[in-house]
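> Input: one structure, supplied below.
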Amino acid sequence: MAEKPAEKPAAPAATPAAAPSKGDYWVQVGAFSDAKNASRLAARLTDQQYSVQQATVTRGSGGGTSGNEIFVAGAKQRDVYDKVKAKGLRVDAVKGGAVVRPALPLKDAVALSKELADAGMDVKIRRVGAGGGEKATFHLVRVGGFADRKEAEAAQKELGGKGVPGFVVKGVPR
């Protein structure tokens, strides 16, 4: 998974939600296969005085990578992350819970799922990647970097009111 962030900051807007502090929280407002579409949205938001970042990421199995991901039902992303961060893993919020990534070999997934279950979490192991998949390049458009989630959520609400839906993410584009 290669990533090539290319930042295009704009002058901050007058409203607090649109004037981010330097931080790790972003509102991702687009993921496009066509770079021109990403650039058009970024330019529109820049014209509205948002601080915009464009990044290109490549995702997909490419070499046939497969493994086992751990899904924690009903869990908050932060709660799961606190349990796995020392192992160098990340956690993505998904509908119905959180997923530990990247996919792990079965032995490691079973061991980690036991640890999480012992901590009172509802854990399931799911097989992912059937191999032979193609890599895909996406052009991301994000507004931010906000100092905290609350600030990012305020910007998300503001953007949604302007017809630009998005979701809050933390960290570098991936």
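What follows is calculated from the coordinates using simple rules that are stated; it is not laboratory data. The structure presented is a predicted model; accordingly, all values stated were derived computationally and were not measured. Don't worry about glycine lacking a Cβ; one is built from the backbone with ideal geometry, like all the others, and counts go over all protein chains shown.
> With a Förster radius of 35 Å, plug the Cβ-Cβ distance of K162 and R101 into 1/(1 + (r/R0)^6) and report the FRET value to the nearest 0.05.
0.65
> Right, next: Taking the Cβ of each residue in S113, S51, S39, S33 as the centre, tally the other Cβ atoms inside 10 Å and list the residues starting with the fewest.
Least to most surrounded, the residues fall as S33, S39, S113, S51.
> For a distance above 18 Å, tell me the whole-number percent of Cα pairs in region 67-128 that qualify.
19
> Evaluate E = 1/(1 + (r/R0)^6) for A136 and D79, where r is the Cβ-Cβ distance and R0 equals 35 Å; express this FRET efficiency to the nearest 0.05.
Given R0 = 35 Å and the Cβ-Cβ separation, E is 0.70.
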